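A quick write-up on the structure given underneath.
All of the numbers you see were taken from the coordinates with simple rules; none came from a lab. Remember, predicted model here, so these are calculated numbers, not experimental data. Cβ atoms come from the backbone with ideal geometry, glycine included; neighbour counts cover every protein chain shown.
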Amino acid sequence: MDYPAPVARLIEELRKLPGIGPKSAQRIAFHLLRGAREDSTRLAAVVGGLFEGIRLCADCNAITDAETCVTCRDPGRSARTICVVEEPHDLLSVEKTRDYRGRYHVLHGALSPLQGVGPDELKVQGLLERVRRGADEVILATSPTVEGEATAVYLARILKPLGVKVTRIAMGVPVGSDLEWADEVTLAKALEGRREY
C-alpha cells in the first residue's frame, strides 16, 4: 500500500534518524497522525528551531546556548585535567559517573580515513591550545572501536611531546556481564587493564 505523499515523506525522514527502521518510522508517523494537531505542531516548532541559539562551547566544543558551557564555567572543575570524547553525548555518559571533576574536549567525530575523516575534520587544534595553556593530564575517552582507537593513538602521539600526561580509559568486561558472552578483544583489554586488588 502506498501512503499519501505527506505521510510517505515523514516516514522517509524519520528513517534517517539513528535506530529508526522502516517499521519504527511508520509507527511514529501514525502516532503523530492519531495525536492532537497541537502536539505535532509543537514538535515541528521545536525541531524547526533546534539550531536557534545553539552553539559550540568556545572552550570545549560541547553543545550549549551560551559562549561557554556549564561545565567550563564551573569553578569547581579543574582545567588541569581534560577528558577527550568523540561526541557531545559522550560527555553526558562520563558525567553520569559523578566521579570526574575536570573539564572536557569534544572532537565531534573520530578518525575514519574510509569515510574521509582525518585530523583536520576533528576539533584537535583547540585541544592542543588548551594543553599548551596548562594541563597536567589528558584522558582519552574515545570509543573502543577501530576509529576510536586510531583517534586515541593519534592524539597520544601529538600530545606526549607537549609534556602532558596522556591516559586512556580502561576497557573490559561490563559490570553484571558473564565472561562467556565477552569477545576476545574485550577480554584482552580487561586483562591488559587489570589492577591489584
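What the table below lists for this structure:
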item: Distance (nanometres) between label positions extended 7 Å along Cα→Cβ at Ser112 and Thr167; result: 2.9 nm
item: Calculated [θ] (222 nm, deg cm²/dmol) that DSSP helices of n ≥ 4 give over the chain, each run adding -39,500 (n - 2.57); result: -11500 deg cm²/dmol
item: Calculated from backbone phi, Karplus (6.51, -1.76, 1.60) coupling profile of segment 12-27 in Hz, x at Gly/Pro; result: 4, 5, 5, 5, 6, 6, x, x, 10, x, x, 5, 5, 4, 5, 4
item: Segments 58-70, 39-51, 79-91 sorted - mean Cβ within 10 Å per residue, highest first; result: 79-91, 58-70, 39-51
item: 5 angstrom amide H check on Gly102, placed H, neighbours 5+ away; result: Ser78
item: Entries in Lys23/Lys189; Lys16/Lys165; Lys16/Lys160; Lys123/Lys189; Lys160/Lys189; Lys16/Lys189 that, when Cα-Cα distance is taken, lie over 29 Å; result: Lys23/Lys189; Lys16/Lys165; Lys16/Lys160; Lys16/Lys189
item: Cα shape, segment 5-48, gyration tensor, a/c 1.5 rule; result: prolate
item: For segment 79-168: rounded, prolate or oblate by the Cα gyration tensor [a/c cutoff 1.5]; result: oblate
item: Computed over segment 46-92, the ratio Rg/Rh where both radii use C-alpha atoms and Rh is Kirkwood; result: 1.01
item: Debye, to nearest 20: dipole size of the chain, +1 on Lys, Arg Cβ, -1 on Asp, Glu Cβ; result: 440 debye
item: Inverse mean reciprocal Cα-Cα distance (Kirkwood Rh) of the chain, Å; result: 19.9 Å
item: Given charges at Cβ of Lys, Arg, Asp, Glu: segment 57-197 dipole, positive-most of Ala188, Ala170, Ser112; result: Ala170
